[in-house]
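In what follows, a structure is listed as structure tokens, so that the remarks can point back to it.
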Amino acid sequence: MRDSDVKKAFLGGAVVISMTVGAVVSYASKPAENVVQDTDGEAITLEAGHESLGKWRFPAEIPAPEDNAITAERVELGKKLFFDPRLSRDGNMSCASCHSPMFGWSDALPTARGFRSERLERATPTIFNTGYNPIQMWDGRKPTLEAQAMGPMEASSEMNMDLPRLFKWLNTNPGYRAEFARAYPGESIDANTVSKAIATYERTIVSKDSPFDRWVAGDKSALTPQEVRGFAVFIDPNKGNCSVCHSGPNFTDNGFHNLGLPSWGDPNPDVGRFAQKAIGKMKGAFKTPTVREAAATAPYFHDGSAETLEQLVEHYNKGGVVKTNLSPNMKELSLNAEEKAALVAFMRSLSSPATPVAFPTLPN
Ligand code: HEC
Ligand code: HEC
């Protein structure tokens with residue numbers, strides 16, 4: 001399901017066949033103008049609240065592992081840890097230094113700046129809605145938020161923390177001791193509980209109340225006609241073809257694809273997923289990110305190569321730049337100016353109302 005380009009290519013073939021049949025049928029009875037056959041081959045009615053929009057509705061609750069249910073105490077503790085720079089060697093870098101609420105839980109940089117400002121290889125992805133994803137990191141090397149959380153603290157290129165020193169400090173800090181006792185009674189303060197608390201906080205960083213969501217729920221006035229038009233371009237295999245990869249309510253298939261970015265042509269390019277799974281198709285393939293909150297998370301792509309959504313759309317319109325090992329779902333789109341503008345307007349409609357984030361007061 002995840003390393004999905006091969007299967008998707010095959011499914012793509014199936015879609016083409018069923019579309020041809022659809023075209024024959026529609027010759028006799030022309031389909032209504034507000035119906036689009038999407039990248040799954042399903043007829044989607046572009047009408048606020050229509051039942052065919054069901055696959056863009058989030059489940060009521062964000063999934064959490066059995067041994068780490070979301071509680072108020074865990075969220076509060078996790079938030080403190082997420083914002084606490086004392087979790088880094090120099091005492092000046094927290095998770096929020098790179099995943100900042102000021103920049104859509106990212107850093108507004110082409111690629112991240114790590115320990116002592118060293119430039120890292122890859123862009124900082126947003127934390128928004130990572131709780132919905134069954135796989136983490138650009139190359140999918142972490143299965144869960146819990147498994148991910150200690151990584152940046154330990155990494156010499158990031159927070160570069162001495163972990164034994166960290167746990168010793170947390171265990172002697174009265175404020176943190178009390179918080180851990182409330183959040184995880186009977187458990188010790190170690191990598192396990194630190195990870196669980198941070199993961200729990202991340203699960204509360206959710207974007208699911210955008211104009212698009214309100215339109216899916218039935219509010220006709222939530223989207224402009226241009227934004228609805230952009231949604232149609234997004235899901236139409238003969239227009240944007242975007243939803244072939246950016247599928248479902250979180251706009252990701254959690255799969256890996258090579259988009260033919262300019263950096264793929266570098267002498268020693270980042271091979272992405274291939275380093276985790278040595279299948280030829282995965283060379284230069286990266287995880288499909290959410291499109292939600294894209295208006296707040298420029299620049300785009302793992303190498304930060306698109307500065308604006310307009311530039312990003314141009315990349316797709318060209319069908320990629322470096323065409324070796326390109327995903328079979330990347331093709332020249334020939335979108336006109338009106339369609340490109342609509343696509344960008346649609347992506348901008350995936351932003352939830354800004355909710356101010358209060359800094360936590362950290363235990364002394
Ligand atoms: C120096 C900047 C930096 C810091 C500090 C940092 N991150 Fe990240 N984060 C990144 C980058 C860059 C990536 C992508 C790396 C990759 O995929 O190889 C990432 C990826 C992630 C992801 C995966 C998201 C996804 O969609 O796949 C999560 C979750 C995450 N970080 C959480 C954290 C937490 C929790 C902390 C603090 C313990 C933290 N980060 C600290 C830069 C940073
Ligand atoms: C073949 C699968 C595929 C198709 C088709 C596709 N995308 Fe993507 N999209 C991805 C992947 C994979 C990435 C990350 C690639 C990378 O950084 O190397 C991405 C990145 C993005 C991002 C950047 C998110 C970020 O945080 O950096 C946006 C926005 C986006 N796509 C929108 C679109 C739009 C709009 C379309 C249609 C015109 C589209 N995508 C078509 C797979 C796809």
Q: Within the range 115-147, count every residue that is crowded, with 19+ Cβ neighbours inside 10 Å and in a helix (DSSP H, G or I).
A: 5
Q. In the list A123, A112, which residue meets the criterion of being in contact with a Gly (Cβ under 6 Å, 6 or more places away or on another chain), within 23 Å of A296 (Cα to Cα), near ligand 1 (Cβ under 7 Å from one of its atoms) and not acidic (D, E)?
A. A123
Q: Residues being surrounded by fewer than 21 Cβ atoms within 10 Å (Cβ to Cβ), in contact (Cβ under 8 Å) with a residue 12 or more places away in the chain and either within 15 Å of T39 (Cβ to Cβ) or not charged (D, E, K, R) (or both): count how many of those fall in the range 261-273.
A: 5
(Q) Filter the range 315-337 down to the residues that are in contact (Cβ under 8 Å) with a residue 12 or more places away in the chain and in a helix (DSSP H, G or I) and list them by number. (A) H315, Y316, N317
Q. Can you tell me which of A285, A275, A217, A294 is away from ligand 1 (no atom under 15 Å from the Cβ) and in contact with a Lys or Arg (Cβ under 9 Å, 6 or more places away or on another chain)?
A. A217
(Q) Kindly evaluate S327 against the criterion of being in contact with a Leu (Cβ under 7 Å, 6 or more places away or on another chain) and more than 18 Å from S243 (Cβ to Cβ). (A) no
Q: Would you confirm whether any residue within the range 159-172 is closer than 30 Å to A295 by Cβ and among the hydrophobic types (A, V, I, L, M, F, W, C)?
A: yes
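With respect to P174, is the statement that it is more than 22 Å from D90 (Cβ to Cβ) and more than 14 Å from ligand 1 (Cβ to nearest atom) true?
Here the answer is yes, as P174 does meet what is asked.
Readers should treat all values here as calculations from the given coordinates under stated rules, not as data from a laboratory. These numbers were taken from a predicted model, which means no experiment stands behind them. Cβ coordinates were reconstructed from backbone atoms using ideal geometry, including for glycine residues, and neighbour counts include every protein chain displayed.
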